[in-house]
1. Tell me the label-point distance for the pair residue 20, residue 66, using the 7 Å Cα-to-Cβ offset, in nm and rounded to one decimal.
2. Relative to the longest principal axis of the C-alpha atoms of the chain, give the angle of the C-alpha long axis of helix 40-56, reported between 0 and 90° and rounded to the nearest 10°.
3. Normalised by the residues of the chain, what does the relative contact order come to in percent, with Cα pairs under 8 Å and at least six apart?
4. Place a point 7 Å from Cα of residue 52 in the direction of its Cβ. Which residues in segment 72-97 have their backbone N less than 16 Å from it?
5. May I ask you to list the residues of segment 73-97 whose amide nitrogen lies under 11 Å from a point 7 Å from Cα along the Cα→beta-carbon direction of residue 42?
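Where a number appears in this text, it was derived from the coordinates with a stated rule and is not lab data. Source: prediction; values computed, not measured. Here the Cβ positions follow ideal geometry from the backbone for every residue, glycine too, while neighbour counts run over all protein chains shown.
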């Protein structure tokens, strides 16, 4: 069962992501990052690899792709904010990039 991150767990889970360029979304309990690749094919390939993990974990991102750039927003809709699943998927996305 997912639950929204408490104030005590946010720092340890989110601070390493913030150091890698993730940011809070203004007006939402969500995190975002823009990933840039050398080409459309590389961006789409990364999205495909990330999508396989998202499906495996049943945790799907909000994202958009314009040519070589992918903008990702992560939040857990059923808990109304950021959960450990968002941090887990963000870390996986980092490792795939």
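1. Between residue 20 and residue 66, the label points sit 2.5 nm apart.
2. Helix 40-56 sits roughly 40 degrees off the main axis of the chain.
3. Relative CO of the chain lands at 36 percent.
4. Only 92-97 pass the distance filter.
5. The answer is none.
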